[in-house]
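Engineer: My questions will all concern the structure given below.
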Amino acid sequence: MAFDSIRIGRWDLPQRFIMAPLTRNRAGEGQAPGELNATYYGQRASAGLIITEGSQPSAVGQGYLDTPGVHTPEQVRGWSLVADAVHAGGGHIVVQLMHAGRIAHPDNKNGLESVAPSALSAPGEMVTADGQKPMVTPRALETDEIPGIVAEFVDASRKAIEAGLDGVEIHAANGYLLHQFLAPSSNERTDAYGGSPEARARLVIEVAKAVAETIGADRVGIRISPSHNIQGVLEEDAVDTAATYESLIEGIAPLGLAYLSVLADPATDLVRDLRKRFGGPVMLNSGFAQVTSLEDVENILEQDLADVVAVGRPFLANPDLVRRWRDDTALNEPDQATFYGGGAAGYTDYPTLD
Ligand SMILES: Cc1cc2nc3c(=O)[nH]c(=O)nc-3n(C[C@H](O)[C@H](O)[C@H](O)COP(=O)(O)O)c2cc1C
């Protein structure tokens, strides 16, 4: 089943696994993608659909060092190099729009102050150019600033299309800004964007609606990770979590988005239930605990837990993963030491079978 074709949103895909978003911290000057990034993504065009690394829709939305943005003219020019390289190889590519919220350090973004639903800092430390530094307490967004956040996602989506990318994925997972709104542990707001599951889901729905209206729902995906409990964004009350994500799906289901991407244990009732409620294509990834194998992909598809599977580290280390899995040949092992930052080593130099 993994090698069956499938249509997702606007895209006809040659197989039912695609390349998952992978932060690589190798943007160039002005947080713009360059030739090196175009080479990396172009090498992986046979994935059919590539979801890029998390990319900030605004300068303030940057969290980590050297992540690409989608908000300046030079970044748009950089993304067009990437889009051209992937299209030349016959693939499609959507940019993952990631506003990091409180998972950020001012040192990584020219001193800009981080914003979040509430003034609650994340646990732990953040890598900066001067080494690890403790997370900083973010400023709570004022209610009248929320339309500005929606506008940042809309503007970045427009720029993505202008650059020739095929669409966007709204990142509402893994503890970043939109996920910070969804979870009670990071959202203590008392306005319309906090306090109840419905209110916590409101911003994500507003972003999805506005982006879909701007560039067309069939080129917009969204990623969620219910109960991922990562980066201090905790969702430990199962009843509350279910209510929050049910509200979210109820709000976005009528839009007809290209796909819903879920990062979670595939076999849970919640994932099955959300898939039913969403009604459209669901993409699944079972998380960081173990590296996705072809067998995992086949199991997910055969049990009909999802329509398509997002595959991360195997694509990172194998530009020609599709061929290797199809031919049952040996795989390159991903090298963790070069995941985040650096140059071509561990990025564009993983060998192909040829
Ligand atoms: C180096 C690295 C960077 C990642 N960056 C992102 C990211 O930017 N956005 C995101 O949603 N997930 C990110 N993830 C999670 C992956 O998309 C995926 O869910 C995870 O790697 C587990 O799948 P795998 O076993 O197929 O690698 C990242 C994972 C890794 C290993």
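The values are calculated or read from the model by the stated rules, or taken from the named source; none is laboratory data. Please read these numbers as outputs of a predicted model, since none were measured by experiment. Cβ sites come from the backbone with ideal geometry, for glycine too, and all protein chains shown count toward neighbours. Only protein heavy atoms, including side chains, enter the accessible area calculation; ligands, DNA and RNA are left aside. Shrake-Rupley method; radii C 1.70, N 1.55, O 1.52, S 1.80 Å.
Engineer: Every residue in region 303-321 that is without any contact (Cβ under 8 Å) to a residue 60 or more places away in the chain and open to solvent by less than 30 Å² (accessible area, probe 1.4 Å), please.
Structural biologist: Scanning region 303-321 gives LEU305, ALA306, PRO314, ALA317, ASN318.
Engineer: Sticking with this structure for a sec: Being in contact with a Leu (Cβ under 7 Å, 6 or more places away or on another chain), under 27 Å from ASP12 (Cβ atoms), in a loop (DSSP other than H, G, I, E, B) and in contact (Cβ under 8 Å) with a residue 40 or more places away in the chain is true for just one of PRO226, PRO266. Which residue is that?
Structural biologist: PRO266
Engineer: Go through the residues of region 124-135 one by one and say whether even a single one is in contact (Cβ under 8 Å) with a residue 60 or more places away in the chain and among the hydroxyl-bearing types (Ser, Thr, Tyr).
Structural biologist: The answer is yes, given that some residue of region 124-135 is in contact (Cβ under 8 Å) with a residue 60 or more places away in the chain and among the hydroxyl-bearing types (Ser, Thr, Tyr).
Engineer: Can you tell me which residue within region 176-197, out of those that are of a type in the set (Phe, Trp, Tyr) and open to solvent by 10 Å² or more (accessible area, probe 1.4 Å), is nearest to TYR64 (Cα to Cα)?
Structural biologist: Taking the candidates together, the pick is TYR176.
Engineer: Looking at this structure, is GLY280 of a type in the set (Gly, Ala, Ser), away from the ligand (no atom under 15 Å from the Cβ), touching a Leu at 6+ places or on another chain (Cβ under 7 Å) and at pLDDT 95 or above?
Structural biologist: Here the answer is yes, as GLY280 does meet what is asked.
Engineer: Going residue by residue through region 243-264, is there one that turns out to be within 16 Å of the ligand (Cβ to nearest atom), among the hydroxyl-bearing types (Ser, Thr, Tyr) and under 18 Å from the mean Cα position of the chain (by Cα)?
Structural biologist: yes
Engineer: Quick one: count up the residues across region 275-302 that are part of a loop (DSSP other than H, G, I, E, B), open to solvent by 20 Å² or more (accessible area, probe 1.4 Å) and either among the hydroxyl-bearing types (Ser, Thr, Tyr) or farther than 27 Å from ARG10 by Cβ (or both).
Structural biologist: The total comes to 6.
Engineer: For the subset of region 312-354 comprising residues that are among the aliphatic types (A, V, I, L, M) and touching an Asp or Glu at 6+ places or on another chain (Cβ under 7 Å), which member is farthest from ARG26 (Cα to Cα)?
Structural biologist: To start, the set of residues in region 312-354 that are among the aliphatic types (A, V, I, L, M) comprises 316-317, 321-322, 330-331, 337, 344-345, 353.
Filter once more, keeping what is touching an Asp or Glu at 6+ places or on another chain (Cβ under 7 Å): 317, 353.
Working: ALA317: 16, LEU353: 25 Å.
Of everything passing the filter in region 312-354, LEU353 is farthest from ARG26 (Cα to Cα).
Engineer: Taking only pairs six or more apart or across chains, which ones have beta-carbon atoms under 9 Å, a first residue in region 44-61 that is over 18 Å from VAL220 (Cβ atoms) and open to solvent by 10 Å² or more (accessible area, probe 1.4 Å), and a second residue that is basic (Lys, Arg) and more than 11 Å from the ligand (Cβ to nearest atom)?
Structural biologist: From residues that are over 18 Å from VAL220 (Cβ atoms) and open to solvent by 10 Å² or more (accessible area, probe 1.4 Å), the pairs are SER46/ARG323; ALA59/LYS109; VAL60/LYS109.
Engineer: Of all residues in region 283-319, which are of a type in the set (Asp, Glu) and within 11 Å of the ligand (Cβ to nearest atom)? Break it down stepwise before answering.
Structural biologist: As a first pass, look at region 283-319 and keep what is of a type in the set (Asp, Glu): 295-296, 298, 302, 304, 307.
Residue satisfying the conditions is ASP296 alone.
Engineer: Anything in region 198-222 that is open to solvent by 10 Å² or more (accessible area, probe 1.4 Å) and outside any helix (DSSP H, G or I)? List them, or say none.
Structural biologist: Residue satisfying the conditions is GLY216 alone.
Engineer: Which condition number does GLU169 fail, the rest of (1) part of a strand (DSSP E or B); (2) open to solvent by 10 Å² or more (accessible area, probe 1.4 Å); (3) under 19 Å from ALA258 (Cα atoms) being met?
Structural biologist: The failed condition is (2).
Engineer: How many of the residues in region 63-74 are open to solvent by 10 Å² or more (accessible area, probe 1.4 Å) and more than 12 Å from the ligand (Cβ to nearest atom)?
Structural biologist: Residues in region 63-74 being open to solvent by 10 Å² or more (accessible area, probe 1.4 Å) and more than 12 Å from the ligand (Cβ to nearest atom): 6 in total.
Engineer: Applying the selection to region 236-249, what residues are more than 9 Å from GLU198 (Cβ to Cβ), open to solvent by 10 Å² or more (accessible area, probe 1.4 Å) and of a type outside the set (A, V, I, L, M, F, W, C)?
Structural biologist: GLU236, ASP237, ASP240, GLU246 - these are the residues of region 236-249 that are more than 9 Å from GLU198 (Cβ to Cβ), open to solvent by 10 Å² or more (accessible area, probe 1.4 Å) and of a type outside the set (A, V, I, L, M, F, W, C).
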